[in-house]
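The values are calculated or read from the model by the stated rules, or taken from the named source; none is laboratory data. Please read all numbers here as calculations on a predicted model, not as lab measurements. So basically every Cβ, Gly included, is an ideal-geometry build from the backbone, and we count neighbours across all protein chains shown.
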2 protein chains.
Amino acid sequence: MILKWNGWGYEGEGISPERVKKMMDILSGFLGISEKDYFEPVNLNYFKLPEPKINLENLNLNFSTERYERVLHSSGRSYKNLVRLKRGNIKTFPDAVVYPRSKEDIIRLLEFCDINNIACIPFGGGTSVVGGVDTYEIEKPVITIDMKKMADVVSADMKSKTARVMAGIRGPELEDKLRRFGLASRHYPQSFYFSTLGGWIAARSAGHFSSRYGKIEDMVQSIEVITPKGIISNHDFPSTACGPDIPRIFTGSEGIFGIITEATIICHLPPEKKLSTSFVFPSFEQAAECSRYIVQKGIFPPLMRILDEREYMLSSILSGGKIDSGSLFIVGFEADQENQDVVESEFQFVRKICERFGGKDEGKKKFEDWKKEYFEQPYLRDVLMDFCVIVDTLETATSWSNLMNLYTKVKESMEKAIFSESIGGVSCRITHIYESGASLYFTFFAKGKHGYEEEFWWKIKKAASDAISENGGTISHHHGVGRDHKIWAKKELKESLTLIKSIKNSLDPKNIMNPGNLVD
Amino acid sequence: MILKWNGWGYEGEGISPERVKKMMDILSGFLGISEKDYFEPVNLNYFKLPEPKINLENLNLNFSTERYERVLHSSGRSYKNLVRLKRGNIKTFPDAVVYPRSKEDIIRLLEFCDINNIACIPFGGGTSVVGGVDTYEIEKPVITIDMKKMADVVSADMKSKTARVMAGIRGPELEDKLRRFGLASRHYPQSFYFSTLGGWIAARSAGHFSSRYGKIEDMVQSIEVITPKGIISNHDFPSTACGPDIPRIFTGSEGIFGIITEATIICHLPPEKKLSTSFVFPSFEQAAECSRYIVQKGIFPPLMRILDEREYMLSSILSGGKIDSGSLFIVGFEADQENQDVVESEFQFVRKICERFGGKDEGKKKFEDWKKEYFEQPYLRDVLMDFCVIVDTLETATSWSNLMNLYTKVKESMEKAIFSESIGGVSCRITHIYESGASLYFTFFAKGKHGYEEEFWWKIKKAASDAISENGGTISHHHGVGRDHKIWAKKELKESLTLIKSIKNSLDPKNIMNPGNLVD
């Protein structure tokens, strides 16, 4: 399967034309878009690719300098990336794309790059939405290191329920291979089909079930990273007090210290049955308060999502049903034959609390509708972009006591930026729920104008990010900093930034690893 | 209350003379010790204290150079520390003990020490059992920084169930103050009464209930550390993807980067009721397998302890009951009015699995017996040491698939070291249970000879540590590296040691912070 070079997913894949038509019918009413807003994306031959400035011929590496590869690897999958690709607005490309087949390949390559001052961009699924793999504005020659050939489960410990896995493995392949050992990772980010273990770790990824099983950093028991100054690894223990937490130095490192090559991850038994339902609440705040109450009582349903009024309405419209009002709280549990009594009692507890907080059980259908529509969202973005619609998501997290304040401020700030020039909307969902707080995941869309897309997008994105930064939110809960969030990360990290830079300086003194990412 | 300078706990506190007599009657039979083995510890005036080499008069600090303070702060509470204190075998003492009252005090002090090349040892409860606060062999002048005056709850967020706490707070004070806000930490290490939040973080402490609530590193949401190069702190979010995990760089840092001054910790609702019982299994391995099965099904009783056959026998004898055989699995749940149905179903699940694995429910009494005896253990060590008995504990963790191998190898190795010269014994318990593995906590005792105590102790300790290191265990699961575990930590950390050193070098270039601890 071949990845689209200017859109989400594989070639030939996406939403069916009928479904697209239906969704466009709905959205065109909202946004006032018509066929005259459609602009055909440029084709691959449009780009002027400079001659590669690097010669890798004698290094015994598997690499490519072909057009498709260089364009595909020029960036990730942020709105900015895609709008530039669709409009042909990209001038920098990797000089070569290397597909290492072994650690030796990587070691040899990093030595070569360190000596010759060549930038290296580690590339997993390339699904970064924050500029984590962008080649833009890198002055050195650039090699993108695509890890897809290092993608196996090295070993599995069925008794300890752990697996040693190569970092280039993608979600479906990981699950498929783990299942052969009777194991499951239960890590399902929205990018699951394309993103890799190494990318998840580099960006501190979260998945559908992380309210119970944790984010990827909670699952990584040991790690191996190849840096320009050598390999760093740690032993594989369920926990240790032997010095600081080494894997946690590399989760969130976004490729600036080195290339994550392997990790041992904590796995689980694959669930045999699922219990799920949805509750409709009069308001987003009531639903949020209810979820807080549940987790603070020690009950963690693996799946918990709360759609605000706008998001629930849009979701119901896009699912083709009647227009729903209120806030939707989706809850899912996983069980097997043996623990189902426990899970059933947890489920009953959730039901009891939801009802007390004003929730009305709407059953599984709403859940199924949402699930279907959820994986369609990135494909829908592609369609909308062709009609010059600005559409993107961004996310943050904060404490429970600040949640509604942050929600309101960010939403207002984004709406102000949108409505000052156009029409559109902002919706939000709570995606991950902790005892001490939750994450907010915003979706925004606005009618754009051809030639004034990136600038308008950035205006809205900046308004949101400023509001997050000024109102006690983190600039990212699970997408990372990349290049797009750096100005806010700098404020957020304060003196820790110096610490991160000094770690980088010790592992990558020549700054060849993903230069310009995460830190300046 | 005044801490004993040469034993566990406060002056006037300990085990009642009757109980001591009873326990000694029992143990003397095992170990063949009698009154002629008793050696009175030296008194405080025995020590020759050199004149302090530092003058702090003009720094406006709260400090002491009194004999009691300097001797108390000369080391922690390891066997080595106590045997040296009891036999008068200590030659190095801090030149002064400073009790900072504010961050400004610490900043001023560290500046002074950095300029004058004075070693600083952060000191919480002083309960390190691995040499984490020892002044031994430090060539520079030494100031021990006792954090006990920075011991308040700064603020509590009752909605988010978090609290900002000063690092010098001890367990009981923390719980007492949290309770006023309706919160509880649920962190109960064996040292709870004396150790501090800062010490827990520095050493990656675990508590009774950490199988469910996590180790201290899982509870720390944000941190503040004063280093010789300035203050490092991070924002307080339930989770973030804004760069690497800053607090985790400092959990396990053991005072070598700076002084932990504050942390925001995730708290819980205080439990209203407890459900607990104990099961006796035919063997330690069967009990361990049962606990593995339970947690891998997603059920995490907050309290799980498994005593091996030897430990269960000793425990039953010391509790004054009949001599019990088999392995004891202690299980405890916590509930309130609302979630008790869920907790009850978890409890039933545990009962069902325990019975299937050959466990027999012995009810709450065994649990209560064990709990009583558990907090007595460090006091009992003091009594035994006066009779020249070598007695100590050490701990490790490994994967489930290696657990029994590690258990057997460490036990055999220790027994070999003991029996080559004397009589004694080794017992073990599993103290923390993870999906992927568990921790083993060994207790050993041997009849010693006056004047040949530390050497014999080290022989056994070294045999154990070598066996741990060679058989896939971590050199510490929750006590830390300190000075005593450095040779094994070096093997375990490998290239990560260079990384830790470079972090240290950037934060403490003159190596004034706890020099000789954790790394060389």
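Within the stretch A:135-164, residues that are within 24 Å of A:Leu269 (Cβ to Cβ) and touching a residue at least 24 places away in the same chain (Cβ under 8 Å) reach partners that are surrounded by fewer than 23 Cβ atoms within 10 Å (Cβ to Cβ) and of a type in the set (Phe, Trp, Tyr) with beta carbons closer than 8 Å, at six or more positions or on different chains, in the pairs A:Val153/A:Phe181; A:Ala156/A:Phe181; A:Met158/A:Phe181; A:Ala163/A:Phe181. One residue is enough: does the stretch B:163-184 have a residue meeting the conditions surrounded by 23 or more Cβ atoms within 10 Å (Cβ to Cβ), within 11 Å of another protein chain (Cβ to nearest Cβ), touching a Phe, Trp or Tyr at 6+ places or on another chain (Cβ under 9 Å) and modelled with pLDDT of 95 or more? Within the stretch B:163-184, one or more residues are surrounded by 23 or more Cβ atoms within 10 Å (Cβ to Cβ), within 11 Å of another protein chain (Cβ to nearest Cβ), touching a Phe, Trp or Tyr at 6+ places or on another chain (Cβ under 9 Å) and modelled with pLDDT of 95 or more. When the residues of the stretch B:510-520 are filtered to those that are on the phi > 0 side of the Ramachandran plot and more than 8 Å from chain A (Cβ to nearest Cβ), which remaining residue is surrounded by the most Cβ atoms within 10 Å (Cβ to Cβ)? Filtering the stretch B:510-520 for residues that are on the phi > 0 side of the Ramachandran plot and more than 8 Å from chain A (Cβ to nearest Cβ), the one surrounded by the most Cβ atoms within 10 Å (Cβ to Cβ) comes out as B:Asn514. On inspection, A:Asp25 fails the criterion of being over 30 Å from A:Leu110 (Cα atoms), touching a residue at least 12 places away in the same chain (Cβ under 8 Å) and either among the charged types (D, E, K, R) or in contact with a His (Cβ under 9 Å, 6 or more places away or on another chain) (or both). The residues of the stretch B:476-509 that are more than 7 Å from every other protein chain (Cβ to nearest Cβ), closer than 15 Å to B:Asp466 by Cα and surrounded by 21 or more Cβ atoms within 10 Å (Cβ to Cβ), listed by number, are B:Asp484, B:His485, B:Trp488.
Of the helices (runs of 4 or more DSSP H) lying entirely inside the stretch B:418-520, the ones with 2 or more residues being among the acidic types (Asp, Glu) and not assigned by TED's automatic domain parsing to the domain that holds B:Asn81 are found at B:454-470. A single entry from B:Ser427, B:Ser422 fulfils the requirement of being of a type in the set (Ser, Thr, Tyr) and under 26 Å from the mean Cα position of the chain (by Cα): B:Ser427.
Here the condition is being surrounded by fewer than 22 Cβ atoms within 10 Å (Cβ to Cβ), within 29 Å of B:Phe349 (Cβ to Cβ) and in contact (Cβ under 8 Å) with a residue 60 or more places away in the chain; of B:Ser291, B:Ser276, it holds for B:Ser276 alone. For B:Ala151, the requirement of being hydrophobic (A, V, I, L, M, F, W, C) and facing chain A (nearest Cβ under 10 Å) is not met.
Quick check on the stretch A:339-358. Is at least one of its residues in a strand (DSSP E or B) and not assigned by TED's automatic domain parsing to the domain that holds A:Pro189? Looking for residues that are in a strand (DSSP E or B) and not assigned by TED's automatic domain parsing to the domain that holds A:Pro189, one finds none in the stretch A:339-358, hence no. Looking across the stretch B:395-422, not a single residue is under 23 Å from B:Ile26 (Cβ atoms) and within 14 Å of another protein chain (Cβ to nearest Cβ).
From the list B:Tyr407, B:Tyr379, B:Tyr374, pick out the single residue that is assigned by TED's automatic domain parsing to the domain that holds B:Ile294, buried (at least 23 other Cβ atoms within 10 Å of the Cβ), out of contact with any Pro (no Cβ under 6 Å at 6 or more places or on another chain) and in a helix (DSSP H, G or I). Let's see the steps before the verdict.
Working: B:Tyr379 fails: buried (at least 23 other Cβ atoms within 10 Å of the Cβ); B:Tyr374 fails: buried (at least 23 other Cβ atoms within 10 Å of the Cβ).
Among B:Tyr407, B:Tyr379, B:Tyr374, only B:Tyr407 is assigned by TED's automatic domain parsing to the domain that holds B:Ile294, buried (at least 23 other Cβ atoms within 10 Å of the Cβ), out of contact with any Pro (no Cβ under 6 Å at 6 or more places or on another chain) and in a helix (DSSP H, G or I).
Among the helices (runs of 4 or more DSSP H) confined to the stretch A:205-260, the ones with at least 3 residues that are more than 17 Å from the chain's Cα centre (by Cα) and either within 8 Å of another protein chain (Cβ to nearest Cβ) or surrounded by fewer than 24 Cβ atoms within 10 Å (Cβ to Cβ) (or both) are located at A:246-250. Quick check on the stretch B:93-101. Is at least one of its residues more than 23 Å from B:Asn511 (Cβ to Cβ), modelled with pLDDT of 95 or more and touching an Asp or Glu at 6+ places or on another chain (Cβ under 8 Å)? Yes; the residues of the stretch B:93-101 include at least one that is more than 23 Å from B:Asn511 (Cβ to Cβ), modelled with pLDDT of 95 or more and touching an Asp or Glu at 6+ places or on another chain (Cβ under 8 Å). Are any of the residues in the stretch B:449-456 within 27 Å of B:Ser211 (Cα to Cα) and more than 18 Å from the chain's Cα centre (by Cα)? No, that holds for no residue. Within the stretch A:448-466, the set of residues being among the charged types (D, E, K, R) and surrounded by 20 or more Cβ atoms within 10 Å (Cβ to Cβ) comprises A:Glu453, A:Lys461. Does B:Glu104 satisfy the condition of being in the same structural domain as B:Ser195 (by TED's automatic domain parsing), of a type outside the set (Val, Ile, Thr) and more than 18 Å from B:Thr196 (Cα to Cα)? Against the criterion (in the same structural domain as B:Ser195 (by TED's automatic domain parsing), of a type outside the set (Val, Ile, Thr) and more than 18 Å from B:Thr196 (Cα to Cα)), B:Glu104 qualifies.
Restricting the stretch A:341-367 to residues that are out of contact with any helix residue (DSSP H, G or I) (no Cβ under 7 Å at 6 or more places or on another chain) and surrounded by 17 or more Cβ atoms within 10 Å (Cβ to Cβ) leaves a set whose member that is farthest from A:Phe209 (Cα to Cα) is A:Glu362.
Any residue at all in the stretch A:268-287 that's part of a strand (DSSP E or B), among the β-branched types (Val, Ile, Thr) and over 22 Å from B:Val481 (Cβ atoms)? Steps first, please.
To start, the set of residues in the stretch A:268-287 that are part of a strand (DSSP E or B) comprises A:268, A:273-281.
So of that shortlist, the ones also among the β-branched types (Val, Ile, Thr) come out as A:277, A:280.
Within this subset, residues satisfying the condition of being over 22 Å from B:Val481 (Cβ atoms) are A:277, A:280.
Yes: the stretch A:268-287 contains one or more residues that are part of a strand (DSSP E or B), among the β-branched types (Val, Ile, Thr) and over 22 Å from B:Val481 (Cβ atoms).
On the given criteria, is A:Ser195 under 20 Å from B:Pro238 (Cβ atoms), hydroxyl-bearing (Ser, Thr, Tyr) and either modelled with pLDDT of 95 or more or crowded, with 23+ Cβ neighbours inside 10 Å (or both)? Considered against the rule, which asks whether it is under 20 Å from B:Pro238 (Cβ atoms), hydroxyl-bearing (Ser, Thr, Tyr) and either modelled with pLDDT of 95 or more or crowded, with 23+ Cβ neighbours inside 10 Å (or both), A:Ser195 comes out as no. Of everything in the stretch B:1-34 that is under 27 Å from the mean Cα position of the chain (by Cα) and small (Gly, Ala, Ser), the residue that is modelled with the highest pLDDT is B:Gly7.
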